[in-house]
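Undergrad: My questions will all concern the structure given below.
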Amino acid sequence: MTDGRDELMETDPFDAAPLRLTVNLEALAENWRDMAARSGRARAGAVVKADAYGLGIEDCGLTLYEAGARDFFVAAVSEGETLRAYAPDARIFVLSGIWPGQENAVFANDLVPVIASEEQLAFWMAVLTEHGPYPCALQVDTGFNRLGLSVGEALALADDVSRPTSFEPVLVLSHLHSGDTPDAEANRRQLDLFRTVSAAFEGVEASLSASAGIFLGSDYHFDLTRPGIALYGGQTCIGTDNPMRPVATAEARIVQIREAKAGETVSYGGTHRLARDSRLAVASVGYADGYLRNLSGSGIPLRASVPAGAFGFIAGTRVPVLGRITMDLTVFDVTDVARPAIRAGDYIELFGANMALDEVAAAAGTIGYELLTGLGLRYERRSLGEDDI
């Protein structure tokens, strides 16, 4: 026989956490298979930078590897070091390239630096003089004005017969700046420039498309695609339905349900005045947890097409945020939820299967990428595999 203290000690931390994040690994794998099919004859890689878009590079990396991904993209050498244990024989490309002092970590973990500037290229050539042949990738800027050799620099490099024989690029890549807008003329201009560059590096694989570019069709696929946000359930193209399965569900626990009278105000600054007698659920999430202050129900729309403030979801009902979101707490209007249906200790879905990630992001005037990668440290995390669902 046990007493109440023993039962409390055996409680699953996930069931009592103020915040929790569930990652559906089966949906992640299914999204990768979907993007692989959409990539046609091209191989589909997987972008797992920023801790797999905030969802955990270890579990997500292993899941994507087991689903069939063999080409991964990270932003930093340290991310590649972490991923190597979960993708043992995969090619891991480091998008930020390489800097002095990182070469030993690159070699030890069999990482492929993506050379993104003339300065990095000069350093890499010097490294190869001592080390000998080692693969790299070349990033070419075709109109983004972010990272990459210019088209002219890339073509000159391709024609340089004096370059060391130890210089062995295995991939040339570029990035579309308006891939999420299918009818943007810039997509075709970038495609034409990239075709010129990839043709100059005969025999070297080419990659142009991230998630959005995959949806532009086979002209944009080349040899290898780089799906990222689509894998994690995010929207890829403006103005279209999202075909991807939701992967992440974020929830906040209700700390208190309180009664408030019409005419009273809610939260800092009294920016929201109640038009009716209301029930308010105070939930343990705030901007310190990545639930952005711009999601506040201030009564002032960010733009005409977006309602002021976000919604949560509980007991089959969408419930609006009222007043300003604070560091640790957010107030939701649960007046329209049947009283017996919820109580303190229950969880409100912030985004997930019932509250689309990108709808919530739009209410903050941002994108799903920022919500996912901005999740704070206070979420109790649980990953669900096929056997758990």
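Undergrad: Scanning for something in contact with a Pro (Cβ under 7 Å, 6 or more places away or on another chain) and either surrounded by 17 or more Cβ atoms within 10 Å (Cβ to Cβ) or not aliphatic (A, V, I, L, M) (or both), does segment 51-64 turn up at least one residue?
TA: Looking for residues that are in contact with a Pro (Cβ under 7 Å, 6 or more places away or on another chain) and either surrounded by 17 or more Cβ atoms within 10 Å (Cβ to Cβ) or not aliphatic (A, V, I, L, M) (or both), one finds none in segment 51-64, hence no.
Undergrad: Of the residues SER96, SER78, which is assigned to a helix (DSSP H, G or I) and under 30 Å from ARG163 (Cα atoms)?
TA: So the residue among SER96, SER78 that is assigned to a helix (DSSP H, G or I) and under 30 Å from ARG163 (Cα atoms) is SER78.
Undergrad: Could you tell me whether any residue of segment 162-172 is part of a loop (DSSP other than H, G, I, E, B), open to solvent by 60 Å² or more (accessible area, probe 1.4 Å), at pLDDT 95 or above and not aliphatic (A, V, I, L, M)?
TA: No, segment 162-172 has no match at all.
Undergrad: Can you say whether ALA212 is assigned to a helix (DSSP H, G or I), open to solvent by less than 50 Å² (accessible area, probe 1.4 Å) and closer than 19 Å to VAL47 by Cβ, as far as the supplied structure shows?
TA: Numbers: assigned to a helix (DSSP H, G or I): yes; open to solvent by less than 50 Å² (accessible area, probe 1.4 Å): yes; closer than 19 Å to VAL47 by Cβ: yes.
For ALA212, the condition - assigned to a helix (DSSP H, G or I), open to solvent by less than 50 Å² (accessible area, probe 1.4 Å) and closer than 19 Å to VAL47 by Cβ - is met.
Undergrad: Consider GLY80 carefully, then state whether it is open to solvent by less than 10 Å² (accessible area, probe 1.4 Å) and touching a residue at least 60 places away in the same chain (Cβ under 8 Å).
TA: no
Undergrad: Can you find even one residue in segment 300-307 that is part of a strand (DSSP E or B) and either at pLDDT 95 or above or open to solvent by 40 Å² or more (accessible area, probe 1.4 Å) (or both)?
TA: yes
Undergrad: Has segment 23-45 got any residue that is aliphatic (A, V, I, L, M), over 28 Å from ASP219 (Cβ atoms), open to solvent by 10 Å² or more (accessible area, probe 1.4 Å) and touching a strand residue (DSSP E or B) at 6+ places or on another chain (Cβ under 6 Å)?
TA: So far as segment 23-45 goes, yes, one or more of its residues are aliphatic (A, V, I, L, M), over 28 Å from ASP219 (Cβ atoms), open to solvent by 10 Å² or more (accessible area, probe 1.4 Å) and touching a strand residue (DSSP E or B) at 6+ places or on another chain (Cβ under 6 Å).
Undergrad: Would you please name the residue that is surrounded by the fewest Cβ atoms within 10 Å (Cβ to Cβ), looking only at residues in segment 99-124 that are of a type in the set (A, V, I, L, M) and farther than 21 Å from SER174 by Cα?
TA: Of segment 99-124, the ones of a type in the set (A, V, I, L, M) are 105-106, 108, 111-112, 114-116, 121-122.
Now narrow it down to the ones that are farther than 21 Å from SER174 by Cα: 105-106, 108.
Details: ALA105: 15, VAL106: 23, ALA108: 10.
Residue satisfying both the conditions and the ranking: ALA108.
Undergrad: To continue, here is another question. Kindly establish whether GLY203 is more than 18 Å from ASP141 (Cα to Cα) and without any contact (Cβ under 8 Å) to a residue 60 or more places away in the chain.
TA: Yes: the conditions hold for GLY203.
Undergrad: Evaluate segment 216-229: report whether one residue or more is in a loop (DSSP other than H, G, I, E, B), open to solvent by 10 Å² or more (accessible area, probe 1.4 Å) and under 23 Å from ARG20 (Cα atoms).
TA: No, segment 216-229 contains no residue that is in a loop (DSSP other than H, G, I, E, B), open to solvent by 10 Å² or more (accessible area, probe 1.4 Å) and under 23 Å from ARG20 (Cα atoms).
Undergrad: When you look at GLY316, is it of a type outside the set (A, V, I, L, M), open to solvent by less than 20 Å² (accessible area, probe 1.4 Å) and over 21 Å from ALA16 (Cβ atoms), yes or no?
TA: Numbers: of a type outside the set (A, V, I, L, M): yes; open to solvent by less than 20 Å² (accessible area, probe 1.4 Å): no; over 21 Å from ALA16 (Cβ atoms): yes.
No; evaluated as a whole, the condition is false for this residue.
Undergrad: Just to be sure, is VAL255 open to solvent by 20 Å² or more (accessible area, probe 1.4 Å), on the phi < 0 side of the Ramachandran plot and either touching a Cys at 6+ places or on another chain (Cβ under 6 Å) or not charged (D, E, K, R) (or both)? Give the steps one after another, and end with the answer.
TA: Working: open to solvent by 20 Å² or more (accessible area, probe 1.4 Å): yes; on the phi < 0 side of the Ramachandran plot: yes; either touching a Cys at 6+ places or on another chain (Cβ under 6 Å) or not charged (D, E, K, R) (or both): yes.
Answer is yes for this residue.
Undergrad: Let me ask something additional. Given the condition over 17 Å from the mean Cα position of the chain (by Cα) and under 28 Å from ARG20 (Cα atoms), answer yes or no: does some residue in segment 92-102 qualify?
TA: no
Undergrad: Ok, one more. Under the condition of being open to solvent by 30 Å² or more (accessible area, probe 1.4 Å) and part of a helix (DSSP H, G or I), which residue from segment 126-150 is nearest to ALA184 (Cα to Cα)?
TA: ALA126
Undergrad: Same structure, new question: Are any residues in segment 128-147 hydrophobic (A, V, I, L, M, F, W, C) and under 14 Å from VAL94 (Cβ atoms), and if so, which ones?
TA: Going through segment 128-147, the residues hydrophobic (A, V, I, L, M, F, W, C) turn out to be 128, 136-138, 140, 144, 147.
Answer for segment 128-147, where residues must be hydrophobic (A, V, I, L, M, F, W, C) and under 14 Å from VAL94 (Cβ atoms): CYS136, ALA137, LEU138, LEU147.
For every residue, the table says whether it meets (1) outside any loop (DSSP other than H, G, I, E, B); (2) out of contact with any Leu (no Cβ under 6 Å at 6 or more places or on another chain); (3) open to solvent by less than 10 Å² (accessible area, probe 1.4 Å).
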site	(1), (2), (3)
MET327	no, yes, no
VAL331	yes, no, no
VAL337	no, yes, yes
PRO340	yes, yes, no
GLU349	yes, yes, no
ASN354	no, yes, no
ASP358	yes, yes, no
ALA362	yes, yes, no
GLY365	no, no, no
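Undergrad: Pull out all pairs, ordered by first then second residue, where Cβ-Cβ is under 9 Å, the residues are six or more apart or on different chains, the first lies in segment 235-263 and is part of a strand (DSSP E or B) and among the small types (Gly, Ala, Ser), and the second is open to solvent by 80 Å² or more (accessible area, probe 1.4 Å) and at pLDDT 95 or above.
TA: From segment 235-263, the pairs are ALA260/ASP277.
The values are calculated or read from the model by the stated rules, or taken from the named source; none is laboratory data. Computed from a predicted model, the values in this text were never measured in an experiment. Cβ coordinates were reconstructed from backbone atoms using ideal geometry, including for glycine residues, and neighbour counts include every protein chain displayed. Side chains included, ligands, DNA and RNA excluded: accessible areas come from the protein's heavy atoms. Shrake-Rupley method; radii C 1.70, N 1.55, O 1.52, S 1.80 Å.
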